[in-house]
Amino acid sequence: MTKAKPTERVQTIEYAIRDVIPYAKQVAKTGKKIYYLNIGDPNAFDFDTPPHIKQALIRAVEEGANLYSASEGLPELREAISQKEKRVNGVEVSAEDVIVTSGISEGIMMVMAALIESGDEILLPGPTYPPYISYARFFGGKPITYETVEEEGWQPNIDDLRKKISLKTRAIVIINPNNPCGALYEGKMIKEIVDLAGENDVPVLSDEIYDQLVFQKRFVSTAQLAGDVPVIGLNGFSKAYLMTGWRLGYVYFHSRKGELQEMRDCIEKEARIRLCANTPVQKAGVAALNGPQEHIKTTVEKLRQRSHFAWKRLNGIEGISCAKPEAAFYVFPKIHEVGRKWKTDMEFVLDLLRETGVLFVHGSGFDPVYGAGHVRGVVLPPIEILEKAFDEIEGFMKKHM
């Protein structure tokens with residue numbers, strides 16, 4: 001069976017957010033209640049896909065939209081995405097410059113495959129969403145994280161980013177609003193990053209999946225500020241439209257001088273070899289973008305209240321501190337005794353899980369440099385459930401401090 005040995009590139013794949021689940025399953029077998037605060041899935045809690053989107057899916061199936069669609073996506077969905085970006089984010093992008101994907105994760109994979117050759121570098125905010133690290137390595141590249149400053153609400157450190165740009169840099173990634181930190185980057189900060197990219201003749205990859213889940217400050221899309229700097233945008237339907245399991249996303253290409261045309265054509269080739277995204281779900285995506293939007297306001301208000309509760313509660317627990325989230329549905333608290341009481345953040349996560357049933361994700365899974373010593377949790381459960389989980393955390397910390 002030696003010929004069936006898997007390649008090194010697949011043996012080294014990591015995805016911290018789901019890699020902790022097997023540990024939770026083992027603890028659950030003992031009868032302990034598990035508080036799953038690891039996966040960012042609103043639909044696992046008291047959020048639900050809006051009725052008009054569900055009905056659009058049912059109607060699509062019943063009316064025969066069960067065939068393969070164009071690899072780049074249904075024309076009407078690409079047009080709806082183009083109009084949504086203009087309406088919501090002030091970004092002018094043509095329908096022809098949109099490629100529909102099976103969730104934003106597939107878009108990340110396609111873009112990384114098209115960008116990275118062996119030895120190339122890609123700059124990511126640290127901490128970062130893990131697939132950017134994993135896919136960069138998968139295609140032979142080197143992911144390099146630039147610092148985001150916890151004391152400044154996890155805003156990027158421009159000086160650190162500037163130092164890390166090299167002749168091997170293929171792109172700069174912005175994740176805004178940010179996963180795992182819940183940070184919202186200021187327009188001035190985005191413009192500085194864009195200017196750096198322009199000075200060094202590299203594109204910006206802008207992940208904006210949480211663009212409509214912002215609490216008080218205003219979200220500014222990277223492409224809106226980019227000028228002549230090419231931007232590859234990544235977005236999807238999972239979060240604002242509560243369609244997590246439906247797996248629908250998109251990539252768009254924003255460049256005034258056509259610099260991304262070859263990149264766009266090659267990513268479309270990648271789309272062809274996987275045939276197409278789910279056709280009935282694409283039909284529902286059109287309804288999501290063109291139909292009622294009132295649920296977004298309700299969703300944001302629930303998230304704002306829960307995020308504020310979690311932030312205050314965490315900062316009231318001895319040995320923990322947490323920067324205030326401004327968007328999305330995450331907290332990324334620092335565990336001050338990691339390195340002393342607990343050797344690593346993973347050790348803390350497992351101890352907490354075994355004793356309390358609370359499941360966080362170890363911060364080093366989002367970046368071993370800038371994520372270490374932290375954990376990521378979701379604030380999606382109702383406040384009464386969050387309160388029980390934080391009571392467990394507080395008791396755990398009192399016991400061990």
Residue within the range 65-81 that is modelled with pLDDT of 95 or more, surrounded by 14 or more Cβ atoms within 10 Å (Cβ to Cβ) and either of a type in the set (Val, Ile, Thr) or in the same structural domain as Val375 (by TED's automatic domain parsing) (or both) present: yes
Unique match (being under 17 Å from Asn178 (Cβ atoms) and at pLDDT 95 or above) among Val378, Val349: Val378
Failed criterion for Lys54 (all others in (1) over 26 Å from Thr279 (Cα atoms); (2) modelled with pLDDT of 95 or more; (3) basic (Lys, Arg) hold): (1)
Lone qualifier among Ser307, Ser364, Ser321 - being among the hydroxyl-bearing types (Ser, Thr, Tyr), more than 23 Å from Glu147 (Cβ to Cβ) and not assigned by TED's automatic domain parsing to the domain that holds Ile175: Ser307
Residue match in the range 97-104 (condition: among the β-branched types (Val, Ile, Thr), surrounded by fewer than 20 Cβ atoms within 10 Å (Cβ to Cβ) and modelled with pLDDT of 95 or more): no
Breaking point among (1) over 30 Å from Gly198 (Cα atoms); (2) in contact with a strand residue (DSSP E or B) (Cβ under 6 Å, 6 or more places away or on another chain), for Gly319: (2)
Single condition Ala113 does not satisfy, out of (1) surrounded by fewer than 20 Cβ atoms within 10 Å (Cβ to Cβ); (2) out of contact with any strand residue (DSSP E or B) (no Cβ under 9 Å at 6 or more places or on another chain); (3) closer than 24 Å to Gln293 by Cβ: (3)
Condition broken by Ile58, with the remaining ones in (1) in contact (Cβ under 8 Å) with a residue 12 or more places away in the chain; (2) outside the structural domain of Glu384 (by TED's automatic domain parsing); (3) exposed (fewer than 14 other Cβ atoms within 10 Å of the Cβ) satisfied: (1)
Filter pass, Glu301 being modelled with pLDDT of 95 or more, closer than 18 Å to Leu74 by Cβ, out of contact with any Ser or Thr (no Cβ under 6 Å at 6 or more places or on another chain) and surrounded by fewer than 22 Cβ atoms within 10 Å (Cβ to Cβ): no
Matching entry among Pro127, Pro51 (being of a type outside the set (D, E, K, R) and within 30 Å of Cys322 (Cα to Cα)): Pro127
Enumeration of residues in the range 33-55 that are surrounded by fewer than 14 Cβ atoms within 10 Å (Cβ to Cβ) and among the charged types (D, E, K, R): Lys33, Asp46, Asp48
Matching entry among Asp207, Asp201 (being acidic (Asp, Glu) and either under 25 Å from Ala327 (Cβ atoms) or touching a residue at least 60 places away in the same chain (Cβ under 8 Å) (or both)): Asp207
Phe253, sole failed condition from (1) crowded, with 17+ Cβ neighbours inside 10 Å; (2) in contact (Cβ under 8 Å) with a residue 60 or more places away in the chain; (3) part of a helix (DSSP H, G or I): (3)
Helices (runs of 4 or more DSSP H) within the range 1-53 that include 2 or more residues in contact (Cβ under 8 Å) with a residue 12 or more places away in the chain and β-branched (Val, Ile, Thr): 21-28
Positions within the range 268-281 being crowded, with 23+ Cβ neighbours inside 10 Å and out of contact with any strand residue (DSSP E or B) (no Cβ under 6 Å at 6 or more places or on another chain), in sequence order: Val281
Qualifying residue in the range 176-189 (condition: out of contact with any Asp or Glu (no Cβ under 6 Å at 6 or more places or on another chain), among the hydroxyl-bearing types (Ser, Thr, Tyr) and under 18 Å from Glu14 (Cβ atoms)): no
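The values are calculated or read from the model by the stated rules, or taken from the named source; none is laboratory data. These figures come from a predicted structure and were not determined experimentally. Cβ sites come from the backbone with ideal geometry, for glycine too, and all protein chains shown count toward neighbours.
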